[in-house]
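Participant: Here you go, one structure.
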Amino acid sequence: MSPRSPSVNQELRRRSRERILQATVDLVDERGYEAATLGDIAARAGSARGLVSYYFPGKRQLLQSAVHRLMHRTLAAALDREPRTEDGPELLARAIDAVLGLAGDHPVLMRTHMAGILQAEGFVRCSEQQRLAALLRDTVARAGSADPDTDYPLLRAQLMGTVFALLLPGAPMPLAPLRAELFQRYGLAWERGMPPDGAPPGGMSLMVRTASGDTAARVAPDQSSSP
């Protein structure tokens, strides 16, 4: 049997790494960070335990790479979903909703990820994070930013802060007002993206982007409730 070509070996390594990252997401979701051991992750991925350490220097780094991969895949799917669009504000709205949606779909995973970023090793700039950053920066540029290199980190910080507020143990904030605040900041109409069920928060000023520019539109308070 002839030896495998370098390209085949590279593809096998890529698939092995992908399985490890997916197994990390699944097990941390199911069991929590402490209970999801590297041995369990390797077994779920069908890989040798030593292979996990070969690809990732530690468990925190593995978790961050796994979450960044999940965020990139979720963001890419949201941007490409039907109906396809090249409308910049709509793409930005989809991106915001995709990231905020992860807090609801994967609360244990995302809470652990946010806590890990605040540890001594801090933010891991892995290949998964770089792909996520490139896609989010491109979305900011397509939304009309004149300076995406400045605006992308600001959006990233605002999204991280909003996810933190959604997941804060003992005092989580509801999604609707947090989403409304972000959409107002970026001049996005409430109905863009993937809005949550129900009307916009009563009494909040939302910005609606029109062909002639941004105009403010106040949402009337909900009249169905008793005073």
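The values are calculated or read from the model by the stated rules, or taken from the named source; none is laboratory data. Source: prediction; values computed, not measured. Note that we place each Cβ from the backbone using ideal geometry, even for glycine, and neighbour counts take in every protein chain shown.
Participant: Taking the condition of a type outside the set (Ser, Thr, Tyr) and modelled with pLDDT of 95 or more, does ALA48 pass? I'd like the intermediate steps shown before the answer.
Facilitator: Working: of a type outside the set (Ser, Thr, Tyr): yes; modelled with pLDDT of 95 or more: no.
No, not satisfied.
Participant: Also: Answer with yes or no whether ARG131 is modelled with pLDDT of 95 or more and either outside any loop (DSSP other than H, G, I, E, B) or of a type in the set (Val, Ile, Thr) (or both). Lay out the reasoning, then the answer.
Facilitator: Values: modelled with pLDDT of 95 or more: yes; either outside any loop (DSSP other than H, G, I, E, B) or of a type in the set (Val, Ile, Thr) (or both): yes.
Yes; evaluated as a whole, the condition is true for this residue.
Participant: How many residues does the stretch 130-188 hold that are at positive phi and either among the hydroxyl-bearing types (Ser, Thr, Tyr) or touching a residue at least 24 places away in the same chain (Cβ under 8 Å) (or both)?
Facilitator: Of the residues in the stretch 130-188, the ones at positive phi are 144, 170, 187.
Of the ones still in play, those that are also either among the hydroxyl-bearing types (Ser, Thr, Tyr) or touching a residue at least 24 places away in the same chain (Cβ under 8 Å) (or both) are 144, 187.
Number of matching residues: 2.
Participant: Of the residues that make up the stretch 195-205, is at least one among the hydrophobic types (A, V, I, L, M, F, W, C) and assigned to a loop (DSSP other than H, G, I, E, B)?
Facilitator: Step one: filter the stretch 195-205 for residues among the hydrophobic types (A, V, I, L, M, F, W, C), giving 199, 204.
From what's left, assigned to a loop (DSSP other than H, G, I, E, B): 199, 204.
Checking the stretch 195-205: at least one residue is among the hydrophobic types (A, V, I, L, M, F, W, C) and assigned to a loop (DSSP other than H, G, I, E, B).
Participant: Go through the residues of the stretch 135-152 one by one and say whether even a single one is more than 17 Å from LEU75 (Cβ to Cβ), in the same structural domain as GLY193 (by TED's automatic domain parsing) and crowded, with 19+ Cβ neighbours inside 10 Å. Working first, answer last.
Facilitator: Here is the first cut: in the stretch 135-152, the residues more than 17 Å from LEU75 (Cβ to Cβ) are 144, 146-147, 149-150.
Within this subset, residues satisfying the condition of being in the same structural domain as GLY193 (by TED's automatic domain parsing) are 144, 146-147, 149-150.
Still in the running and crowded, with 19+ Cβ neighbours inside 10 Å: none.
No, there is no match, as no residue in the stretch 135-152 is more than 17 Å from LEU75 (Cβ to Cβ), in the same structural domain as GLY193 (by TED's automatic domain parsing) and crowded, with 19+ Cβ neighbours inside 10 Å.
Participant: Name the pairs whose Cβ atoms lie under 7 Å apart, with the first residue in the stretch 51-66 and in contact (Cβ under 8 Å) with a residue 60 or more places away in the chain and within 12 Å of ILE117 (Cα to Cα), the second surrounded by fewer than 20 Cβ atoms within 10 Å (Cβ to Cβ) and of a type outside the set (A, V, I, L, M, F, W, C), and 6 or more positions between them or separate chains?
Facilitator: ARG60/GLY116; ARG60/GLN119; ARG60/GLU121; GLN64/GLY116
Participant: Moving on to the next point. Filter the stretch 43-60 down to residues that are among the hydrophobic types (A, V, I, L, M, F, W, C) and closer than 25 Å to PRO107 by Cβ and give me whichever is surrounded by the fewest Cβ atoms within 10 Å (Cβ to Cβ).
Facilitator: Restricting to residues being among the hydrophobic types (A, V, I, L, M, F, W, C) and closer than 25 Å to PRO107 by Cβ, the top hit is ALA43.
Participant: Please verify whether GLU128 is crowded, with 16+ Cβ neighbours inside 10 Å and among the charged types (D, E, K, R), treating the condition exactly as stated.
Facilitator: For GLU128, the condition - crowded, with 16+ Cβ neighbours inside 10 Å and among the charged types (D, E, K, R) - is met.
Participant: Please go through the stretch 1-24 and give me each residue that is farther than 14 Å from VAL52 by Cβ and either in contact (Cβ under 8 Å) with a residue 12 or more places away in the chain or not in a helix (DSSP H, G or I) (or both), ordered by number.
Facilitator: In the first step, residues of the stretch 1-24 are kept if they are farther than 14 Å from VAL52 by Cβ; the result is 1-12, 14-15.
Those that are farther than 14 Å from VAL52 by Cβ and either in contact (Cβ under 8 Å) with a residue 12 or more places away in the chain or not in a helix (DSSP H, G or I) (or both): MET1, SER2, PRO3, ARG4, SER5.
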